[in-house]
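Each remark here refers to the structure printed beneath this line.
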Amino acid sequence: ARIKRLWRGIKKKKKMSAAQGAAADGIPEHKKKRRNEGKEEQQEEEEEEEEHLNLTITTNPMPTPSWLKSIWHYFLITKPHFLPKLTQTPYPLLPTTATTAATTGATTATTGAKLIRIHHPSLPVILPHHSLRDPVRSLAEKIGVGFADLEILGESTAHVSALVFAKIVLPPKAWAVIDGISAAAGARRIGGNPGDYPRDSPRESSPRDSSRDSGYSGDFGGRGGTPTLPEVDFVEMFGYCGVLSGEREALRALVCAEGMSEKLKERKNILRRLPLYETYNRMHDDSKNPEELKTRNFVALSSSPKYLPPSKVMVELLDQDFIKTPLPLDEHLLGQLGIHRMDEIKFYTHYVLEKVASLGSEPLGSEILDRAMIIILTELNRLAAMDGADKFREKLKKSAFLPNSLGERFVPAHLYSPEAKLVRGLLDARTWFPSGKFTSSPAVLLELKNLGLRVSIDRDAVLTCALSIASSSSSSS
């Protein structure tokens with residue numbers, strides 16, 4: 001009631017006084033007396049409130065910083081038990097430093113602080129703190145999350161503790177930032193102002209029913225419940241709002257630092273949908289162009305299946321299906337979100353052998369494929385102990401991965417080992433023998449022989465030699 005009277009200001013009081021004066025001529029004397037007594041009582045009560053709050057009501061319709069500081073000091077220090085009741089007022093009283101269109105409220109008369117309603121469902125307010133690095137705060141503000149203006153609310157420990165305890169602001173935690181992003185995204189999608197992130201519904205939001213419009217319900221300030229989200233494309237929204245790579249990485253680092261607390265575990269679905277996770281990019285990672293090397297690709301984990309790459313595989317083989325883990329706790333976080341390391345057999349099957357058939361259309365070049373196949377042949381004895389090793393070996397036998405000196409690729413059983421010296425004198429070495437890089441290592445050569453590389457003359461070899469000699473004679477004549 002105090003806030004209501006003070007907020008209306010002197011303008012409404014003058015208007016009421018003028019209307020009462022105009023109608024006073026036709027009112028009986030005893031009613032005039034009773035009305036004047038009521039006005040005097042009301043005036044005395046308001047003067048007492050003003051004196052108690054140390055406020056000066058001016059004709060300016062917007063509150064001044066001194067007005068806001070006084071009233072918040074009054075509630076935080078003198079009447080802290082009244083703080084929960086502030087959530088019932090429809091007036092914007094909570095000063096924030098948010099600068100986006102999502103802050104649908106008033107602006108103070110002499111500062112840039114945005115005023116919003118307490119517990120505004122589409123814009124939770126977070127307490128600023130040094131634990132929230134500048135990139136995290138920048139990301140949140142770009143999306144539309146508000147941060148409490150402590151210059152007005154007060155920076156003392158008592159003030160801050162009372163604000164958090166009354167759940168007027170959220171603590172500076174990763175889960176609070178996630179909640180703020182989710183709620184602001186819902187507001188932008190459904191009820192934002194022109195120029196905001198595109199939304200599906202053309203209807204405008206109603207200040208009196210913004211909880212319905214925001215599409216968000218959940219744990220604002222720890223009030224219980226698991227957050228639910230509107231169908232927001234966070235990948236598109238982050239791009240639209242100009243969220244930078246360093247800001248995404250900083251938010252992920254904050255989540256990692258909190259070690260997947262219970263509140264963060266309740267928000268797994270949201271964390272999977274946020275584009276905070278950098279993937280490998282085969283075309284850019286292998287590029288010599290400095291501008292392409294700066295390009296970083298961040299994805300959501302819910303868009304398509306993602307994996308951690310096997311240990312010690314060639315980076316050139318990794319594409320956008322694999323997530324980078326540059327931070328120390330990245331792997332732990334991704335494990336909590338259901339992203340696991342792919343085993344080597346599956347990786348080499350799908351990301352190396354299946355590229356052999358479509359080598360011409362793949363960014364995986366001949367040199368990279370040769371290096372990968374030599375690593376596979378070197379590690380084949382160790383891979384034999386893994387599940388699916390027998391099927392993998394059979395697939396190797398049928399794969400045309402082995403190049404000759406001309407760069408043509410064949411299955412191992414089509415070529416001859418350099419140890420087959422009798423054949424070497426009769427056949428073209430460039431065509432019928434593997435490239436030197438595959439025969440220089442005894443271990444690799446041994447595995448090729450186990451996969452079918454020919455080592456002696458047989459009936460087929462004699463026929464091949466005869467055809468080769470006939471072809472050479474025809475060419476000479």
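The values are calculated or read from the model by the stated rules, or taken from the named source; none is laboratory data. Since we're looking at a predicted model, the values are computed, not measured. Cβ placement follows ideal geometry from the backbone for every residue including glycine, while neighbour counts extend to all protein chains displayed. These area figures cover heavy atoms from the full protein model, side chains too; ligands, DNA and RNA do not enter into them. Shrake-Rupley method; radii C 1.70, N 1.55, O 1.52, S 1.80 Å.
If you sort 368, 374, 126 by accessible surface, 1.4 Å probe, largest first, the order is 374, 368, 126.
The protection proxy used here, the mean number of other Cβ atoms lying within 10 Å of each residue, ranks peptides 330-340, 310-320 as follows, highest first: 330-340, 310-320.
Here the label points at residue 79 and residue 303, each 7 Å from Cα along the C-beta direction, are separated by 5.1 nm in the simple model. For the peptides 233-240, 301-308, residues were scored by their other Cβ atoms within 10 Å and the scores averaged per peptide; the highest-first order is 233-240, 301-308. Once both labels are positioned 7 Å from their Cα atoms along Cα-to-Cβ, the gap between residue 429 and residue 158 label points is 9.3 nm.
Anisotropy class assigned to segment 349-442 is oblate, per the alpha carbon gyration tensor with a/c at or over the 1.5 cut-off and a/b no larger than b/c.
If I take R0 = 56 Å and measure r between the Cβ atoms of residue 336 and residue 455 in this structure, what FRET efficiency does the formula 1/(1 + (r/R0)^6) give, to the nearest 0.05?
Details: r = 52 Å, r/R0 = 0.92.
Between residue 336 and residue 455 the formula returns 0.60.
If you take the beta carbon distance between residue 385 and residue 437 as r and set R0 to 45 Å, what does 1/(1 + (r/R0)^6) give as a FRET efficiency, to the nearest 0.05? Efficiency at R0 = 45 Å is approximately 0.95. Pairs spanning more than 29 Å between alpha-carbon atoms, out of 79/173; 268/395; 69/265; 142/265: 268/395; 69/265.
Peptides 77-90, 418-431 ranked from most to least packed give 418-431, 77-90, packing being the mean of other C-beta atoms within 10 angstrom over each peptide's residues. Spin-label pair residue 405-residue 315: with each label point 7 Å from Cα along the Cα-Cβ axis, the two points sit 3.5 nm from one another. Average accessible surface for segment 124-166: 42 Å² per residue, computed with a 1.4 Å probe over protein heavy atoms with every protein chain in place.
Annotation: amide H of residue 297 within the under-5 Å range of 279, sequence separation 5 or more or interchain, hydrogens built in the peptide plane. Close amide H partners of residue 170, meaning residues 5 or more places away or on another chain with modelled amide H under 5 Å apart, are 125, 126, 127. Measuring between alpha carbons in the structure, the pairs from 263/324; 355/397; 263/306; 306/398 lying more than 22 angstrom apart are 263/324; 263/306; 306/398.
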